[in-house]
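The values are calculated or read from the model by the stated rules, or taken from the named source; none is laboratory data. These numbers were taken from a predicted model, which means no experiment stands behind them. For neighbour counting, all protein chains shown are included, and Cβ atoms are generated from backbone atoms with ideal geometry for every residue, glycine included.
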C-alpha cells in the first residue's frame, strides 16, 4: 500500500510540473520598432517626430500575466524629425538635453490582463532625469515564426499613451510648443 501511495504522489507531482510553462523571453528588434510622438506647434498645427532603434525585453507569461514584464529604452540622440536643425535643437538643453540625459527608459513594476492580447502595464518611466510611475495600455498585435526569413519567432506590440512633458521637467518653449505629448510605441520582439 505504501508503494502505491508513493507512486501516486510521484505521478501527480510529475503531471502537475510537466505542464507548468515557463515565461518566454523576447528581445526587442531595433530595426522593427519605433516611438512616434505628436505635439502642438504654435497652437496652429501638430509636429511629429520619432525615436529610432529602441531596445529592451518582453518576458511574457500567458498563463499568469502578473509574472510578465516589459523593459524599453531609447537614446535621446536618436530623435528624428526629418529636419537636422530641429533635431539638433531637440537634443539641446531646451528639450531632451541628450548629453546630460542620454536615454529614456521604462521598466514595468506590474502587468495585468485587460482582455484578449491586451495588457495594462504599470512601470517607472525615466525621462529628462525624472522618474514617474505611469500605466500604459499595450496590445499584442501578432506573433509568427519568421525563421524561414531568418527573423526568428517574434511577437508584435503597440502602446498608445499621452504624457505632459512638464511632468518630467521639460519646460523649454512652453506655450509656443505644447505640453501634451501623444505617443505611439510599436515594436517587434524576437524569442530568445
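Per-residue answers, yes or no, for (1) in contact with a strand residue (DSSP E or B) (Cβ under 9 Å, 6 or more places away or on another chain); (2) modelled with pLDDT under 95; (3) more than 25 Å from residue 40 (Cα to Cα):
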{"site": "82", "(1), (2), (3)": "yes, no, no"}
{"site": "106", "(1), (2), (3)": "yes, no, no"}
{"site": "120", "(1), (2), (3)": "yes, no, yes"}
{"site": "130", "(1), (2), (3)": "no, no, no"}
{"site": "142", "(1), (2), (3)": "yes, no, yes"}
{"site": "146", "(1), (2), (3)": "yes, yes, yes"}
{"site": "159", "(1), (2), (3)": "yes, no, no"}
{"site": "166", "(1), (2), (3)": "yes, no, no"}
{"site": "191", "(1), (2), (3)": "yes, no, yes"}
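I'm trying to understand the selection: among the residues of region 172-183, which are surrounded by 15 or more Cβ atoms within 10 Å (Cβ to Cβ) and touching a strand residue (DSSP E or B) at 6+ places or on another chain (Cβ under 8 Å)? If the condition is that a residue be surrounded by 15 or more Cβ atoms within 10 Å (Cβ to Cβ) and touching a strand residue (DSSP E or B) at 6+ places or on another chain (Cβ under 8 Å), then 177, 178, 179, 181, 182, 183 are the ones that fit. Using the structure shown, decide if residue 56 is in contact with a strand residue (DSSP E or B) (Cβ under 9 Å, 6 or more places away or on another chain), at positive phi and part of a strand (DSSP E or B). Criteria met by residue 56.
Among the numbered conditions (1) more than 15 Å from the chain's Cα centre (by Cα); (2) surrounded by fewer than 16 Cβ atoms within 10 Å (Cβ to Cβ), the only one that residue 141 does not meet is (1).
Residues in region 112-125 that are within 18 Å of residue 56 (Cα to Cα) and surrounded by fewer than 17 Cβ atoms within 10 Å (Cβ to Cβ): 120, 122, 124. Residues that are loosely packed, with under 14 Cβ neighbours inside 10 Å, over 17 Å from the mean Cα position of the chain (by Cα) and either closer than 23 Å to residue 139 by Cα or touching a residue at least 60 places away in the same chain (Cβ under 8 Å) (or both) within region 93-111 comprise 93, 94, listed in sequence order.
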